[in-house]
Amino acid sequence: MIFSTTGNKATIDRKLEERSKKLASVDVNLSPDQEAYLKATASEIVSFIADGKWTASAVLEAYIQRSVQAQEATNCVTEIMFDEARLRAKELDVDFASTGKIRGPFHGIPFSLKDQYDYEGFDSTIGFTQWANKPASEHATLVAQIIDAGGVPFVKTNVPQTMFAFECNNPLWGRSLNPYNAAYTCGGSSGGESALLALDGSALGIGSDIGGSLRMPPAYCGVYSLKPGSGRVALGGAQDPNPTFEGIKCVTGPIARSLTDLHLFCRTIFGLEDPTGIAAPLPYRETQLPTKLKFGYYTSDEFIKASPANKRAVLETVDALRKQGHECVEFTPPGAHEALVIFLALTSADSYKKMLSHLGPDPMDASLRLAVYGARAPRFLTALVGWVLRTFLKDPKAADVITSAGSKSYLEYSEWVGRRQQYALDFRKKVWDEYGFDGIIAPVQAMPQLPHGAATNYSALCAATVLYNVLDIPAGVLPVTRVDPEKDALTEEWTKRQGEGSRFMEDQIFRNSKPLYDVASMKGMPVAIQVVGKRWEEEKVLAMMDVVDGALGGRDFGPGACKGMKVDVLVTE
């Protein structure tokens, strides 16, 4: 849904009309030959072009056509670079015809870009109408690296307002939908990117993550991703509403339809020169895993336990790994809710003034209200709410979360940075050192999916992903299964209070008369897991994801997995 005021209506109308004209110029009727391009992984596209069987131009046209179809179904696209991409693809074809050699590892791959990444001559609005009609003067560093390696960026994708929410809606471009079910969100902030890839509207994409944005959307949409630790991929030219904030590191990473393509991206991009000096000159390192791996796993972080579907995804993974001879040990991540407390304390240190300073005439999206109003409430009021939660609802963890938000002095802020650093040290000692895990298998979130509007009241669900942002360690996402009402119904394990989780949150999700967890409505939607590794071990995480993917076997995920749905509502209304 698009909200306009007198101050921004003309801007919105102009941008939407510009997009519509470019989309309308495309014939969306795909031939059987074109379908073959869409069913190929990015790695296979390069291989077929290198063998002289396909051309970059032919491949690009198929993805342009499918991206228009994906846009019609989910409203996932923002800026359209079709003409620029066609010129680039033609240049690659001419070059290959002359030399017989491909330009680089990405030769001919149609790439999509999360809206924040600058592409010369196009806006990077991230949903702010005030940022419209201000085209970038040069490519973002990562975009330039992709092009140098032969990639063909052709479209940009939608994000939530401010990119600080895990629904995908903003006043400029409207709401993006889940490709499996129009009543559910595709996630945020890399939501448009994940929806487009799920519908084969792109061969490979890039997103970013400060609290779960490279993990929740791919999980909701049934695709693969990697959130690296900081310092592996360049960030220059990635627009951000609060670019100088470093309390929690924002990172960039790939979203793909296969693990092979995640490897391809990292092999190509890791170690490339970064003019800002942020990305380390650390090339991709091939990893030789031991025959027997030791994984830790959990289905409850003792803040919000995983739903039946999410728990099943973890346990099916564990069972498959054990059958392959790997050791899997259940554990509880120590003080996991403390990570969310630290995250909120740091991100809200200015009460989100900088982040929201770009709204101008735009109304603030509902998904931001809880975080923003909570951070701006008088301290005596948040203290009172915390006291009520502790005293009457017996929920000290929810109280800790509520009372951590709000403006802070530099002294207070620096003390919270110290808590973050100490938490990371403690986690390493209590988990990595004590157990000797190679990796961790974890739920992406307590819920497999979220209906539109749920992030307004359930933003604390991000705790499951925020944990690994606070720790600044790599985490990959891969789809495991789909929601099955017969297997994933609520039982007394969820309907009666058990464990040490937040009573307030778990009551709303599982135990109310109309719980958020609605297994019938989510039937057939993807359920994913996180595979987590130690700092600077992105390559090992990818290798462990290969092991997990192989152990689970065929599950009908990858190119062509999402047949999409028909949308009977006007998504930009």
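Which one of Thr252, Thr260, Thr291, Thr276 is among the polar types (S, T, N, Q), surrounded by 15 or more Cβ atoms within 10 Å (Cβ to Cβ) and outside any helix (DSSP H, G or I)? Before the answer, list the steps.
Values: Thr260 fails: outside any helix (DSSP H, G or I); Thr291 fails: surrounded by 15 or more Cβ atoms within 10 Å (Cβ to Cβ); Thr276 fails: surrounded by 15 or more Cβ atoms within 10 Å (Cβ to Cβ).
Result of the check over Thr252, Thr260, Thr291, Thr276: Thr252.
List every residue pair whose Cβ atoms sit under 7 Å apart, with the two residues 6 or more apart in sequence or on different chains, where the first one lies in the range 190-215 and is of a type in the set (Lys, Arg) and the second, anywhere, is not in a strand (DSSP E or B).
Once the first residue is of a type in the set (Lys, Arg) and sits in the range 190-215, its partners that are not in a strand (DSSP E or B) give Arg215/Val444; Arg215/Thr465.
Looking only at the range 464-487, count how many residues are in contact with a Ser or Thr (Cβ under 6 Å, 6 or more places away or on another chain) and either surrounded by fewer than 24 Cβ atoms within 10 Å (Cβ to Cβ) or in a helix (DSSP H, G or I) (or both).
Of the residues in the range 464-487, 1 are in contact with a Ser or Thr (Cβ under 6 Å, 6 or more places away or on another chain) and either surrounded by fewer than 24 Cβ atoms within 10 Å (Cβ to Cβ) or in a helix (DSSP H, G or I) (or both).
Within the range 337-372, which residues are under 19 Å from Gly418 (Cβ atoms) and in a helix (DSSP H, G or I)?
His337, Glu338, Ala339, Leu340, Val341, Ile342, Phe343, Leu344, Ala345, Leu346, Thr347
Pairs under 6 Å by beta carbon, first residue surrounded by fewer than 19 Cβ atoms within 10 Å (Cβ to Cβ) in the range 325-347, partner of a type in the set (Gly, Ala, Ser), six or more apart or different chains?
Final answer for the pair search is Val329/Gly296; Phe331/Gly296.
From (1) aliphatic (A, V, I, L, M); (2) touching a Phe, Trp or Tyr at 6+ places or on another chain (Cβ under 7 Å); (3) open to solvent by 40 Å² or more (accessible area, probe 1.4 Å), pick out the condition that doesn't hold for Ala238.
Of (1) aliphatic (A, V, I, L, M); (2) touching a Phe, Trp or Tyr at 6+ places or on another chain (Cβ under 7 Å); (3) open to solvent by 40 Å² or more (accessible area, probe 1.4 Å), only one is false for Ala238: (3).
Quickly run through the range 105-116 and pick out the residues that are open to solvent by less than 10 Å² (accessible area, probe 1.4 Å) and either farther than 23 Å from Gln65 by Cβ or among the charged types (D, E, K, R) (or both).
Those that are open to solvent by less than 10 Å² (accessible area, probe 1.4 Å) and either farther than 23 Å from Gln65 by Cβ or among the charged types (D, E, K, R) (or both): Lys114, Asp115, Gln116.
Given Gly188, Gly150, which one is closer than 20 Å to Gln449 by Cβ and of a type outside the set (S, T, N, Q)?
Being closer than 20 Å to Gln449 by Cβ and of a type outside the set (S, T, N, Q) holds for just one of Gly188, Gly150, which is Gly188.
Of the numbered conditions (1) on the phi < 0 side of the Ramachandran plot; (2) touching a residue at least 12 places away in the same chain (Cβ under 8 Å), Pro378 fails exactly one; give the number of that condition.
If we test Pro378 against (1) on the phi < 0 side of the Ramachandran plot; (2) touching a residue at least 12 places away in the same chain (Cβ under 8 Å), just (2) comes out false.
Being over 23 Å from Ile255 (Cβ atoms) and of a type outside the set (Lys, Arg) is the filter; apply it to the range 29-53 and report the residue that is surrounded by the fewest Cβ atoms within 10 Å (Cβ to Cβ).
Restricting to residues being over 23 Å from Ile255 (Cβ atoms) and of a type outside the set (Lys, Arg), the top hit is Pro32.
Can you pull out the residues in the range 386-399 that are open to solvent by less than 50 Å² (accessible area, probe 1.4 Å) and touching a residue at least 40 places away in the same chain (Cβ under 8 Å)?
Leu389, Asp395, Lys397, Ala398
Inside the range 273-288, can you point out the residues that are more than 23 Å from the chain's Cα centre (by Cα) and under 19 Å from Lys540 (Cα atoms)?
Pro281, Leu282, Pro283, Arg285, Glu286, Thr287, Gln288 - these are the residues of the range 273-288 that are more than 23 Å from the chain's Cα centre (by Cα) and under 19 Å from Lys540 (Cα atoms).
When you scan the range 181-191, do you find a residue that is open to solvent by 10 Å² or more (accessible area, probe 1.4 Å) and under 11 Å from the mean Cα position of the chain (by Cα), even just one?
So far as the range 181-191 goes, no, none of its residues is open to solvent by 10 Å² or more (accessible area, probe 1.4 Å) and under 11 Å from the mean Cα position of the chain (by Cα).
Between Gln65, Gln69, which is open to solvent by less than 20 Å² (accessible area, probe 1.4 Å) and either modelled with pLDDT under 95 or part of a helix (DSSP H, G or I) (or both)?
Gln65
How many of the residues making up the range 130-165 are open to solvent by 10 Å² or more (accessible area, probe 1.4 Å) and of a type in the set (Val, Ile, Thr)?
Of the residues in that region, 2 qualify.
Looking only at the range 96-117, which residues are assigned to a helix (DSSP H, G or I) and aliphatic (A, V, I, L, M)?
The one that is assigned to a helix (DSSP H, G or I) and aliphatic (A, V, I, L, M): Ala97.
Answer yes or no as to whether Pro448 is over 13 Å from the mean Cα position of the chain (by Cα) and crowded, with 24+ Cβ neighbours inside 10 Å.
Numbers: over 13 Å from the mean Cα position of the chain (by Cα): yes; crowded, with 24+ Cβ neighbours inside 10 Å: yes.
Spelling it out, Pro448 is indeed over 13 Å from the mean Cα position of the chain (by Cα) and crowded, with 24+ Cβ neighbours inside 10 Å.
Regarding the range 241-248, can at least one residue be identified that is open to solvent by 20 Å² or more (accessible area, probe 1.4 Å), β-branched (Val, Ile, Thr) and part of a helix (DSSP H, G or I)?
No, the conditions are met nowhere in the range 241-248.
Taking the options Ala424, Ala375, name whichever one is within 25 Å of the chain's Cα centre (by Cα), part of a helix (DSSP H, G or I), under 30 Å from Leu293 (Cα atoms) and not polar (S, T, N, Q).
Just one listed residue meets the conditions, Ala424.
Suppose we filter Leu490, Leu461 for residues that are in a loop (DSSP other than H, G, I, E, B) and more than 25 Å from Ile269 (Cβ to Cβ); which single one remains?
Leu490
Please state which of the following conditions Asp301 fails to meet, knowing it meets all the rest: (1) under 23 Å from Gly151 (Cβ atoms); (2) buried (at least 23 other Cβ atoms within 10 Å of the Cβ); (3) more than 18 Å from the chain's Cα centre (by Cα).
For Asp301, the exception is condition (1).
Within the range 194-209, is even one residue surrounded by fewer than 24 Cβ atoms within 10 Å (Cβ to Cβ), part of a loop (DSSP other than H, G, I, E, B) and in contact with a helix residue (DSSP H, G or I) (Cβ under 9 Å, 6 or more places away or on another chain)?
No, that holds for no residue.
Here are some conditions: (1) over 29 Å from Ala198 (Cβ atoms); (2) open to solvent by 10 Å² or more (accessible area, probe 1.4 Å); (3) not β-branched (Val, Ile, Thr). Glu316 meets all but one. Which one does it not meet?
The one condition Glu316 does not meet is (1).
The values are calculated or read from the model by the stated rules, or taken from the named source; none is laboratory data. The shown structure was predicted, so the numbers you read here are calculated from the model rather than taken from an experiment. So basically every Cβ, Gly included, is an ideal-geometry build from the backbone, and we count neighbours across all protein chains shown. Each accessible area value is taken on the protein alone, full model and side chains, heavy atoms only, with ligands, DNA and RNA left out. Shrake-Rupley method; radii C 1.70, N 1.55, O 1.52, S 1.80 Å.
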